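Working notes, structure below.
The values are calculated or read from the model by the stated rules, or taken from the named source; none is laboratory data. Bear in mind that the values here come from a model prediction, so they are computed numbers and not experimental data. Every residue, glycine as well, gets a Cβ built from its backbone with ideal geometry; the counts of neighbours run over all protein chains shown. All accessible areas refer to the heavy atoms of the entire protein, side chains included, with ligands and DNA or RNA removed. Shrake-Rupley method; radii C 1.70, N 1.55, O 1.52, S 1.80 Å.
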Amino acid sequence: QVRLVESGGGLVQAGGSLRLSCVASRRTFSPYGMGWFRQAPGKEREFVAAINWASSIKEYSDSVKGRFTISRDNAKNTVYLQMNNLKPEDTAVYYCAKDREARHAVSKAGNQYENWGQGTQVTVSS
């Protein structure tokens, strides 16, 4: 079973940048998509970004479009989330997860993902 570990979170001022990484414990030959989600205090977990295996499809929530970029390096078993122009409302614990299905397209629904990582805290000060 694949295990995911997020890293790269931290404290940053508004307008700053962070790059999150999510490393899988082992490779898989199945073309699984990957997603990033976040959960702020007192709020439900929300979709942030997702990418298919070939990196040919990328989806973002409206709140992060133009600011965040998802990418992956399959040779390194790693997916990234480059976060630019961070805002205080981006403050949350960020999680990565693997799509349950080896699909070409990507899903924005959290219940379609599995193998959630432990999360990494992102805090953006104003």
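Look at the dipole of the range 60-112 built from charges on Cβ: of Ala105, Tyr80, Ser63, the Cα furthest out on the positive end belongs to Ala105. This model, with +1 at the C-beta of Lys and Arg and -1 at the C-beta of Asp and Glu, gives the chain a dipole about its Cα centre of some 280 debye.
Subtracting the Cα-Cα distance of Ala40 and Arg3 from 0.36 nm times their residue separation leaves 11.0 nm of extension gain. Taking all protein chains in place and a 1.4 Å probe, what share, in percent, of the accessible surface of the chain do carbon and sulfur account for? With neighbouring chains kept in place, the figure for the chain is 47 percent. Sorting Trp36, Trp116, Trp53 by accessible area puts them as Trp53, Trp116, Trp36; the probe is 1.4 Å, largest comes first, and only protein heavy atoms count.
The Rg/Rh ratio for the chain, using Cα coordinates for both the radius of gyration and the Kirkwood hydrodynamic radius, is 0.94. Take Glu44: with every protein chain present and a 1.4 Å probe, its accessible area is about 150 Å². Projected over every direction and averaged, the convex hull enclosing the alpha-carbon atoms of the range 70-125 yields 4.8 nm². Rounded to whole Å, the principal axis extents of the Cα atoms in the range 1-73 read 39, 24, 23, largest first.
Sequentially through the range 19-24, phi angles give Karplus couplings (6.51, -1.76, 1.60; θ = phi - 60°) of 10, 8, 10, 9, 10, 8 Hz, Gly and Pro residues having no value and appearing as x. Each label was represented as a point 7 Å from its Cα along the Cα-to-Cβ direction; for Leu11 and Thr123 these points are 0.6 nm apart. Going by Cα centres, the range 58-126 and the range 14-51 are how many Å apart? About 3 Å separates the Cα centre of the range 58-126 from the one of the range 14-51.
Using R0 = 25 Å, the C-beta based FRET efficiency linking Ser55 and Asn85 works out to 0.65. For Trp53, list long-range residues whose amide hydrogen, built 1.01 Å from N in the peptide plane, is under 5 Å from its own amide hydrogen. Those qualifying (amide H under 5 Å, at least 5 residues apart or on another chain) are Gly33.
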